[in-house]
1. Charges on Cβ only, +1 for Lys and Arg, -1 for Asp and Glu, centred on the Cα centroid of the protein assembly as shown; of B:Gln6, A:Ser140, A:Phe68, which one is farthest towards the dipole's positive end?
2. Ranking B:Thr67, B:Thr29 by Cβ neighbours within 10 Å, fewest first, what do you get?
3. Sum -39500 (n - 2.57) across every DSSP H segment of at least 4 residues in the protein assembly as shown, then divide by the residue count to get the 222 nm mean residue ellipticity, nearest 500.
4. Return the FRET efficiency for the residue pair B:Ser4, A:Arg31: r is the Cβ-Cβ distance, R0 is 25 Å, and the value is rounded to the nearest 0.05.
5. For chain A, set up a Gaussian network in which alpha carbons nearer than 10 Å are linked by springs, and say which option among A:Ser125, A:Ser55, A:Ser140 fluctuates the most.
6. Output the relative contact order of chain B, whole-number percent, from Cα pairs under 8 angstrom with separation of 6+ residues.
7. In debye, nearest 20, what is the charge dipole magnitude of segment A:15-149 about its Cα centre with +1 on Lys and Arg Cβ and -1 on Asp and Glu Cβ, if you could check?
8. Considering only C-alpha atoms, what is the centroid distance from segment A:66-114 to segment A:11-53, in Å?
Amino acid sequence: MLDHARIRALLPHRHPMVLLDRVESIEPGVRLIATKAVTVTEPCYRDLPDTAPASAYAYPVSLLLESFGQAAAVLWLHGGRRPDGLLPMLAALRDCVLEHPVYPGDVLRHEVLLEHGGEGVSTASGTTRVGDRRVAVMGSFLAVVRPRTDLPIPTTREDPRP
Amino acid sequence: MTTSRQHLDDLREIVAEVFELEPDEVSDTADFVAEYDADSLRAIEILARVEKRYQVEIPQAELASMTNLLAVHAVLGRYAGW
């Protein structure tokens with residue numbers, strides 16, 4: 001199992017964009033099971049009005065995909081020799097099917113298979129479940145590494161709202 | 001024994017999948033950008049699939065020269081030691 005501190009050491013993402021809570025099991029270079037709890041305290045729910053219908057609380061698909069992508073990145077980077085100064089970046093998705101919406105209180109369970117883990121590119125596939133129910137099938141996640149210097153990273157945390 | 005022609009046809013299948021075409025629609029010399037509207041992501045996808053299929057590492061610096069099927073075949077040949 002990898003706790004959150006270890007996840008943070010592997011991923012360049014930071015709050016509030018670390019969309020992974022815990023890695024339940026990992027077979028390096030092969031497969032991984034990771035969880036992420038969806039809660040109403042996440043920024044995506046911050047500006048919902050009291051009149052929002054129940055359907056408005058469906059977890060954004062973009063974040064669900066990103067969460068799976070981060071699980072795939074942990075699998076790719078764990079135990080590998082990744083030179084400093086390179087960042088993993090999601091490049092292309094194929095054949096991903098969202099089968100059921102996800103709501104606050106659900107715990108996502110990503111089961112990731114590393115199809116190919118090269119030095120510069122990787123592909124992963126898998127499924128996401130909530131309890132016994134499969135909510136998404138991920139056909140192919142293609143990721144690349146890019147030099148950190150190519151991607152400006154904010155050094156201060158600022159709330160852009162007035 | 002796998003011949004160069006078989007490698008080329010394997011690669012044709014990979015390229016066709018990425019561009020969502022039938023293999024017989026991918027010619028040996030058609031330029032990926034001009035003929036199939038390729039962008040850098042498609043090129044990386046081809047590279048990833050070729051690496052996986054042939055268990056080789058191809059530096060991304062080679063992407064610039066992988067402009068058609070024969071060129072992909074030539075790059076792969078260098079790294080696969082053909």
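1. Going by the charge dipole, the pick is A:Phe68.
2. With the sparsest Cβ surroundings first, the list reads B:Thr29, B:Thr67.
3. -9000 deg cm²/dmol
4. 0.10
5. Between A:Ser125, A:Ser55, A:Ser140, it is A:Ser55 that shows the largest mean-square fluctuation.
6. Relative contact order of chain B: 33 percent.
7. In total the dipole reaches around 280 debye.
8. The two parts, judged by their Cα centres, are 11 Å apart.
No value in this document is a laboratory result; all are computed from the given coordinates. Remember, predicted model here, so these are calculated numbers, not experimental data. Neighbour counts run over all protein chains shown; Cβ positions are idealised from the backbone, glycine included.
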